[in-house]
1. Place a point 7 Å from the Cα of V20 along the Cα-to-Cβ direction; which residues of the stretch 48-77 have their backbone N under 13 Å from it?
2. Over every pair of different alpha-carbon atoms in the chain, take the mean of 1/r and invert it; report that Kirkwood radius in Å.
3. Would you list R35, R48 from fewest to most Cβ contacts within 10 Å?
4. For I76, enumerate residues with amide H under 5 Å from its amide H, sequence gap 5+ or separate chain, H modeled in the peptide plane.
5. Within the chain, what percent of beta bridges assigned by DSSP are antiparallel, to the nearest 5?
6. For the chain, modelled as a GNM with alpha-carbon contacts under 10 angstrom, which of I30, I53, I19 fluctuates the most?
Amino acid sequence: MGSSKIPIVYTLQTCPSCIVLKEDWEKDKIAFEERQVDENQLFLDEAREFGDIVPIVVYPDGKVTMGYKDMIGCNIG
């Protein structure tokens, strides 16, 4: 995965919780690298190593979270 200094966020373009996360983080000026799993097979394969619900956030310290706030994420099965 590499040693990114910012969180990596795996998303789907049409996922409501992904959209809200990106809007909130951009508003709060939180830097992140977005990897759209519906645009890139490699990103989809990477995301599936962490889980099957996006958004998936992989933090620089290795912590992984799925979903955002109390919203239902989108299944990438």
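Quick note: the coordinates plus some simple rules give every number you see, no bench work behind them. In this text the structure is predicted, and so the values were computed from the model without any measurement. Here the Cβ positions follow ideal geometry from the backbone for every residue, glycine too, while neighbour counts run over all protein chains shown.
1. Counting only backbone N, you get 55, 67-74.
2. 12.2
3. R48, R35
4. Residues meeting the amide H criterion: I53, V54.
5. Here the share of antiparallel DSSP bridges comes out near 70 percent.
6. Among I30, I53, I19, the largest mean-square fluctuation in the Gaussian network model of the chain belongs to I30.
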